[in-house]
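Just so it is clear, none of the values below were taken in a lab; they were calculated from the coordinates. As the structure is a computational prediction, the values presented were derived from the model and not from experiment. FYI the Cβ positions are ideal-geometry reconstructions off the backbone, even for glycines, and counts take in every protein chain you see.
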Amino acid sequence: MYLIWMAVYTATFVASLYALIEALRTPASAFEIMDKQNKRLWVILTGAATGVSLLAVLTGTGFLVIMGLVATLIFLLDVRPAVKGSQGGRNNGPYGPW
């Protein structure tokens with residue numbers, strides 16, 4: 001059972017680290033254009049999720065990991081696609097360039 005939880009913690013860490021990097025790379029104006037709060041909030045939320053999940057990986061326990069996972073999934077599944085679509089300039093469809 002320990003290995004299953006470590007796999008969950010590791011996957012959560014990787015996903016939240018990816019979300020943090022994407023939040024840092026996205027321009028602040030993209031968040032405002034799409035009305036998705038602001039960049040600072042999402043950097044704080046994904047940063048906290050990354051920290052909590054790293055702590056869970058290192059210690060093997062993590063009761064806050066679920067909250068971090070929820071914040072990560074909201075960013076990756078709702079906010080990131082919206083702000084990526086607002087950056088314009090590229091003629092991209094939902095599955096890549098046309």
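Charges only on Cβ, +1 for Lys and Arg, -1 for Asp and Glu: so what's the dipole of the chain about the Cα centre, in debye to the nearest 20?
My answer is approximately 200 debye.
Cα convex hull of the chain: how many Å³ per residue?
Here the figure is 95 Å³ per residue.
Using only DSSP helix segments of four residues or longer, with each worth -39500 (n - 2.57), what per-residue ellipticity at 222 nm results for the chain after dividing by its residue count and rounding to 500?
Result for the chain, helices only: -22000 deg cm²/dmol.
Name the residue from T61, A7, A30 whose Cα lies farthest towards the positive end of the charge dipole of segment 1-85, charges +1 on Cβ of Lys and Arg and -1 on Cβ of Asp and Glu.
Farthest along the dipole direction, towards plus: A30.
Cα axis of helix 2-25 to longest principal axis of the chain: angle in degrees, 0 to 90, nearest 10?
Around 30 degrees separate the two axes.
Helix 39-59 versus the longest principal axis of the chain: what angle, 0 to 90°, nearest 10, using Cα atoms?
With rounding to tens, the tilt is 20 degrees.
What FRET efficiency do you get for I4 and A82 if R0 is 22 Å and r is their Cβ-Cβ distance, rounded to the nearest 0.05?
My answer for the efficiency is 0.10.
Using only the alpha-carbon atoms of segment 1-40, report the extent along each of the three principal axes, biggest first, to the nearest angstrom.
Cα spread of segment 1-40 along its principal axes, largest to smallest: 44, 16, 12 Å.
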